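One structure, pasted below without further comment.
The values are calculated or read from the model by the stated rules, or taken from the named source; none is laboratory data. Given the structure is predicted, the values throughout are model-derived calculations rather than measurements. Neighbour counts are summed over all protein chains in view; Cβ atoms, including those assigned to glycine, are modelled from backbone coordinates with ideal geometry.
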Amino acid sequence: MKYYYKGIIVNILITGVAGFIGSHLADRLIINNKVIGIDNFCDYYQPQIKERNLEQLKANPNFMLYRIDIRDNALLGKCFSENKIDLVIHLAAMAGVRPSISDPLLYTEVNIVGTINVLEMCKKFNIKKLIFASSSSVYGNNEKVPFAEDDFVDYPISPYAFTKKAGELICHSYHHLYQISIACLRFFTVYGPRQRPDLAIYRFTEKIINNETITLFGDGTSKRDYTYITDIIDGIVQSIEYVRSGCKYEIFNLGESTTISLVELVRTLEDEIGNKALTEQFPMQPGDVNQTYADITKSNKILGYYPSADFKTGIQFFVEWYKKTHNT
C-alpha cells in the first residue's frame with residue numbers, strides 16, 4: 001500500500017522514527033513522500049539497534065533525521081520551522097508497562113508533556129492533521145471482550161496506560177480548540193522483525209535458541225492479541241486518509257481480533273525454532289493485564305482495516321529475521 005496526495009509529494013513528520021514501528025512506517029511512506037524523522041535514541045534498549053533500523057533510510061534523499069527529544073521545545077521548534085510539514089504521526093513515547101511503575105515521572109514527562117509539546121507545535125505552525133499512537137493498555141483488565149473503542153477505560157493499571165489515556169484526552173482538546181484532525185490508534189501487542197528486545201517474543205526466541213530458561217508470569221493462560229507489523233503499518237496508512245478527509249477526532253483499535261495464550265506462544269516458538277523451551281514460572285507482575293482482544297468492527301467500517309497476518313507465519317518471519325540478524 002502506498003500513500004500520497006494525488007501524486008503530490010507531501011512532508012510527513014514521524015516522531016519515534018528509529019523505533020520498531022516508526023522505522024517500518026518510514027520505509028513504507030518514503031516511497032511517495034518526504035519523511036522528517038525525530039528520535040532521541042534513548043538507552044531504554046541499545047541505541048545501536050535503532051541506528052540499524054534506519055540504515056537504508058539514511059541513504060534516501062527524501063529522508064531527514066533530527067536527533068532530538070520531544071521534551072526539548074527549542075530543538076522541536078527548530079525542526080518544525082525548517083520543514084513545511086503536512087502531517088504529524090506521533091509515535092515517540094517511553095514504552096513498557098513494568099518499567100513505567102518504577103519511574104512514573106519519566107513516563108509522564110515524555111508521554112504526556114512530550115505529546116503536549118508536539119501538539120503545541122502543530123498549533124503554532126498550523127498543521128491540521130495528526131495521528132497519535134495509543135495502546136491497548138488503556139483497557140486495563142476490562143472484563144468485557146473483545147475491547148471496543150467506546151468501552152469505559154477510566155481504570156488503567158499502570159503509569160504507561162494512564163499516560164496513553166491522557167494522550168488521547170489531550171489530543172481531543174487540541175482537536176476541539178484548534179480544529180486539528182486527529183486519529184488515535186490503539187495498538188495491540190505489535191510483533192515482527194525489528195521488534196524491541198525487551199518484548200516476550202524476542203526474549204523467548206533468544207533464550208530458546210540459546211537453551212536458556214525463559215520466565216513465564218502467571219499460569220500460562222494470559223492472552224494477547226498479537227498484531228503483525230505489516231497490519232499495523234496498513235492501519236496507520238489507512239488512518240492518514242481518514243485525517244485528511246475533514247476535521248475529525250476518532251479512536252481506532254488496530255489488532256488482529258484474535259487471541260493467543262502464553263502457552264500457545266511458547267509452543268509456536270518451540271515448533272518454529274525446533275528446540276524445547278526451558279521454563280520457570282512466577283506470579284503475574286503488577287501492571288500486567290490478563291488479556292488483550294481487539295474489536296476491530298469500527299476500524300473495518302471507517303478505515304477499511306482488515307488485518308491478514310497469520311500468527312504462525314508471522315512467528316516464522318520473526319524467527320527467520322532474528323536468526324539472520326544474530327547469525328544463528
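Being within 30 Å of Asn327 (Cβ to Cβ), of a type in the set (D, E, K, R) and surrounded by 18 or more Cβ atoms within 10 Å (Cβ to Cβ), is that true of even one residue in segment 224-247? Can you show your working first?
Of all residues in segment 224-247, those within 30 Å of Asn327 (Cβ to Cβ) come to 224, 226-233.
Among the residues that remain, those that are also of a type in the set (D, E, K, R) are: 224, 231.
From what is left, the residues that are surrounded by 18 or more Cβ atoms within 10 Å (Cβ to Cβ) are 224, 231.
Scanning segment 224-247 turns up at least one residue that is within 30 Å of Asn327 (Cβ to Cβ), of a type in the set (D, E, K, R) and surrounded by 18 or more Cβ atoms within 10 Å (Cβ to Cβ).
What's the number of the only condition in (1) at pLDDT below 95; (2) closer than 18 Å to Asn290 by Cβ that Asp198 fails to meet?
(2)
Here is a follow-up. Of the residues that sit in segment 6-43 and are modelled with pLDDT of 95 or more and of a type in the set (Gly, Ala, Ser), which one is farthest from Ala93 (Cα to Cα)?
It comes out as Ala26.
Further question on the same structure: Going by the conditions given, is Asn62 touching a strand residue (DSSP E or B) at 6+ places or on another chain (Cβ under 6 Å) and touching a residue at least 24 places away in the same chain (Cβ under 8 Å)?
Criteria met by Asn62.
Scan segment 204-223 for residues that are assigned to a helix (DSSP H, G or I) and surrounded by fewer than 16 Cβ atoms within 10 Å (Cβ to Cβ) and jot them down.
Answer for segment 204-223, where residues must be assigned to a helix (DSSP H, G or I) and surrounded by fewer than 16 Cβ atoms within 10 Å (Cβ to Cβ): just Glu206.
Return yes when Arg196 is surrounded by 15 or more Cβ atoms within 10 Å (Cβ to Cβ), in contact with a helix residue (DSSP H, G or I) (Cβ under 7 Å, 6 or more places away or on another chain), assigned to a loop (DSSP other than H, G, I, E, B) and not acidic (Asp, Glu) and no when it is not.
Yes, satisfied.
Residue check, Val263 against (1) surrounded by fewer than 17 Cβ atoms within 10 Å (Cβ to Cβ); (2) not in a helix (DSSP H, G or I), all met but one. Which one?
(2)
Among (1) more than 20 Å from the chain's Cα centre (by Cα); (2) within 25 Å of Leu185 (Cα to Cα); (3) acidic (Asp, Glu), there is one condition Glu82 misses while meeting the rest; what is its number?
Evaluating Glu82 over (1) more than 20 Å from the chain's Cα centre (by Cα); (2) within 25 Å of Leu185 (Cα to Cα); (3) acidic (Asp, Glu) leaves (2) as the failure.
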